[in-house]
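Single-structure report; data block below.
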Amino acid sequence: MTSGSTTRSAVASVGVSDRNASTVDTSTIVLGIETSCDETAAAVVMGGTDVLSSVVASQLDEHARFGGVVPEIASRAHLETLPQVVAEALERANIDVSRVDAVAATVGPGLVGALLVGVSAAKATALALDVPFVGVNHLEAHLYAALLDEPNARFPMLFVLVSGGHTLLVEMTGHDSYRVIGQTIDDAAGEAFDKVARFLGLSYPGGPAIDKAATRGKDTAIALPRAMLNDGLDVSFSGLKTAVINHVRANPHVSSDDVAASFQRAVVDVLVHKARRAASLIGANTIALGGGVAANSLLRSEMTKAGESDGIPVVLPSREMCTDNAAMIASAGWYRLRRGEVMGLDAGADPNLKLGAGQR
Amino acid sequence: MIVLGIDTATTMVSVAVVDGATVLASSELRSDRRHAEDLTPMIDFVVKRAGLSFADLDAVAVDVGPGLFTGMRVGIASAQALAFALSIPLVGVDGLEALVAAIPVAVAKQAEVIVPTIDARRREVAWAMHSNVSGRVLAPRVGGLDDLLAGVRERGQHCLFVGDFARRHRDDIVAGLGPHSWNVSFGDETLDWPIARHVAFIGHERALHLDGGALRAPRAEALYLREADAEINWTTRSSA
Ligand SMILES: [Zn+2]
């Protein structure tokens, strides 16, 4: 395996299952559980890509008045909601829990108290059913959200993960082979959206609010910086955010729609530019997008356009699969299960889990 | 009726399988922030060493707190999932009640009221009051040592304290109660923490009285006794 990180995973005992790998096939049913942040989710996926059900209970309203996710509130809500969410996922899939062949859950990265609710429930379910428990890296799962609709997309793949917590350019040469080749040196893309939205007095979360305001504004209205554009594959959004704030302070009557449009254009320019650079560097056959910011309209259309002109297919997850969900966890879990990468019952959560860590 | 008991609400992690009043197997260990890592293998071990399979379990009982928030959630999430996967009833048990249930009858008889205590961190204590005659007389609550002492003084009866918080603050409690302190006794270290076997016994008693089997999505309500942190701040801010 390759790994862009030297951090050792705290997640226990990754091992090879005694389960015969050949029994993992297109009929294998994985129950997925996701509780890493502010969505409580469960899903039933067959054969890695056939989503039989995907249920997401958002805690957005409970956190909105704080302008961010409150860890203790998130943990409490996960514990309360998870039983109904799991029951509903199985009902919608129209299968009894006894038909589940493996249980997958996010083991990191994320909020540790929140992660532990899902990991505990998943391990207990696996134990009661006598099936394997598969620990899944949340970041890896975002990629599988894109592959749900395009399971035969070709490697090497450039995976652009843009969310509230992460901005990563990942080279993927196979299902078990990742290398982080670029990342933000300060704010994550989604974080920049949230901060600018809050400054403009738009609603939380900032991504959809800016996306909407931008459609009414002019994206060339304000000249904003594109940092480090021709400098490696890392990105930086902190200076852009500061430039927005300074501009608005100096021009208090500026249209916030224009600000939103100009800011969004700058973020998308940077992401698309870096993605093209990275894709040509690794000789990518596919560019895949993932994470909450991948739901952004401009990013989706500009990345697709760039792919067309460079002759590289761009894979976009459906909008509902961009944000956190458990179908992507079950899917990623199926691929790990097929490789025999199950975890022991002594697995815990790793809030700082890196992409590529915990793999054999 | 075979009941699996789970307790992860304090620094002790414990699991027991009981059949009526008989313990078939049990295990306990001190766990420092490794509740999730320790609990699942322990459930596996205890059920198997009891000579059972998971299909033999008739109900699950879990300590729902008070105690460590993250710890209690690990136990509750696991118990909820087990009850769901096995289609059996789930019983939530208050940890203070489990502490009282652990007191040997001969010891309990020497006092008129029993005050179970669990450390609530931030220099506070979670406690309740049980009477030998009438059962629980004060519901679980959290507060400073002064609140607890005021509650005991008001009662003015021979009082037995149990739980690790009371034992560690024995001198403060005796001094704080002043002239009444001759009326006070303390449980030994075997009564420091709620333990799964007592959670299972209480769960067994309650499960016998449940009508019907498992619910569609079994849940046990956590007994936090405190609002989530950010909510407390919010309330303070908006009232200021
Ligand atoms: Zn995510």
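The values are calculated or read from the model by the stated rules, or taken from the named source; none is laboratory data. A quick note: this is a predicted structure, and the numbers were derived from the prediction, not measured. Note: ideal-geometry Cβ built from the backbone for every residue, glycine included; neighbour counts use all protein chains shown. The accessibility values were calculated without ligands, DNA or RNA, using every heavy atom of the protein model including side chains. Shrake-Rupley method; radii C 1.70, N 1.55, O 1.52, S 1.80 Å.
In loop segments of region B:124-222 as defined by DSSP, the GluC sites (Glu not before Pro) with at most 11 further C-beta atoms inside 10 Å of their C-beta are B:E221.
How far, in degrees from 0 to 90, does helix A:71-93 lean away from the longest principal axis of the Cα atoms of chain A, to the nearest 10? Once rounded, the angle reads 60 degrees.
Tell me the carbon and sulfur percent of the accessible area for chain B, rounded to whole percent, probe radius 1.4 Å. Let's see the in-between values first.
Details: 5210 of 10630 Å².
C and S fraction of accessible area: 49 percent.
Checking every one of the trypsin sites (Lys or Arg not before Pro) in region B:65-145 against DSSP loop status and a limit of 10 other Cβ atoms within 10 Å picks out B:R122, B:R123. Measuring with a 1.4 angstrom probe and ignoring ligands and nucleic acids, B:E37 comes out at about 30 Å² accessible. For the residues B:S87, B:S78, B:S134, a GNM of chain B with alpha-carbon springs under 10 Å puts the largest fluctuation on B:S134.
Of the solvent-accessible surface of region A:254-344, computed with a 1.4 Å probe over protein heavy atoms with every protein chain present, carbon and sulfur atoms account for 49 percent.
Alpha carbon centre of region B:82-139 versus region A:266-315: separation in Å? Measuring centre to centre over Cα atoms gives 59 Å. Solvent-accessible area lost on pairing B with A (1.4 Å probe, both sides summed) amounts to about 2900 Å². Largest accessible area first, the residues B:L215, A:L139 order themselves as B:L215, A:L139 under a 1.4 Å probe with ligands, DNA and RNA left out.
In this rough spin-label picture, where each label sits 7 Å from Cα along the Cβ direction, the A:S280-B:R49 distance is 6.5 nm.
Mind giving me the FRET efficiency for A:D149 and B:D32? R0 is 45 Å, r the Cβ-Cβ distance, nearest 0.05 is fine.
On the way: r = 45 Å, r/R0 = 0.99.
Between A:D149 and B:D32 the formula returns 0.50.
Which peptide among B:12-21, B:98-107, A:26-35 comes first, and what is the full order, when sorted by highest mean count of other Cβ atoms within 10 Å?
On the way: B:12-21: 22.0, B:98-107: 18.3, A:26-35: 25.4.
Peptide ranking by packing, descending: A:26-35, B:12-21, B:98-107.
Please compute the per residue accessible area over chain A with all protein chains in place, 1.4 Å probe, rounded to a whole number of Å². List each step's numbers first, then the result.
On the way: 13120 Å² over 360 residues.
Per residue, chain A has 36 Å² of solvent-accessible surface.
If you place +1 on the Cβ of every Lys and Arg and -1 on the Cβ of every Asp and Glu, how big does the dipole about the Cα centre of chain B come out, in debye to the nearest 20?
Here chain B has a charge dipole of around 200 debye.
Between region A:214-245 and region B:1-24, how many Å separate their Cα centres? Going from one Cα centre to the other spans 58 Å. Taking all protein chains as they are arranged and a probe of 1.4 Å, the heavy atoms of A:M46 leave approximately 50 Å² accessible to solvent. Could you work out the percent of alpha carbon pairs in region B:103-191 separated by over 14 Å, rounded to a whole number? The share of Cα pairs beyond 14 Å in region B:103-191 comes to 60 percent.
Counting each pair of different Cα atoms once, what's the Kirkwood radius of region A:231-360 in Å, rounded to one decimal? Write down the numbers at each step before the final one.
On the way: mean 1/r = 0.0561 Å⁻¹.
Across region A:231-360, the inverse of the average 1/r is 17.8 Å.
For region B:151-218, applying the loop criterion from DSSP together with a ceiling of 13 other beta carbons within 10 Å to the trypsin sites (Lys or Arg not before Pro) yields B:R216. If you bin all the Cα-Cα distances of the protein assembly as shown at 20 Å, starting from zero, the percentages per bin are 20, 45, 27, 8, 0.
Relative contact order, whole percent, for chain A stands at 30, derived from Cα pairs under 8 Å and 6 or more residues apart. When A:C322, A:C37 are compared by accessible surface with a 1.4 Å probe, the order from highest to lowest is A:C37, A:C322. Taking Cα centre as origin and charging only the Cβ of basic (Lys, Arg, +1) and acidic (Asp, Glu, -1) residues, the dipole magnitude of region B:141-208 rounds to 200 debye. Inter-label distance, B:N132 to B:Q157: 1.0 nm, where each label sits 7 Å from its Cα along the C-beta direction. Between A:L129, A:L161, A:L115, the GNM of chain A built on Cα springs shorter than 10 angstrom shows A:L129 fluctuating the most. Computed over protein heavy atoms with a 1.4 Å probe, the accessible surface of region B:103-191 works out to 53 Å² per residue.
Within 10 Å of each Cβ in A:112-122, how many Cβ atoms from other chains are there, averaged over the peptide? Mind showing how you got there, number by number?
On the way: counts 3, 4, 2, 1, 8, 8, 2, 6, 14, 11, 4.
Across A:112-122, the average partner-chain Cβ count within 10 Å equals 6.
Projecting the Cα atoms of B:I173, B:S131, B:S185 onto the charge dipole of region B:103-191 (Cβ charges, centred on the Cα centre) puts B:S131 farthest toward the positive pole.
Kindly provide log₁₀ I(q)/I(0) values, in the same order as q = 0.12, 0.20, 0.24 Å⁻¹, from the Debye equation applied to equal alpha-carbon scatterers of region A:187-298. Log10 I(q)/I(0), no solvent term: -0.40, -1.04, -1.41.
Under a Gaussian network description of chain A, with springs only between Cα atoms under 10 Å, the residue in A:P109, A:P132, A:P151 that fluctuates furthest is A:P151.
Stokes-Einstein diffusion coefficient for chain A at 4 °C in a medium of 1.567 mPa s, Rh from the Kirkwood formula over Cα pairs: what value in µm²/s? Answer, rounded: 63 µm²/s.
For a paramagnetic label modelled at 7 Å from the Cα of A:E320 toward its Cβ, which residues of region A:21-40 fall within the zone defined by backbone nitrogen distances under 14 Å? Those under the cut-off are none; the list is empty. Alpha-carbon geometry of chain B: the Rg and the Dmax are 18.3, 60 Å, given in that order.
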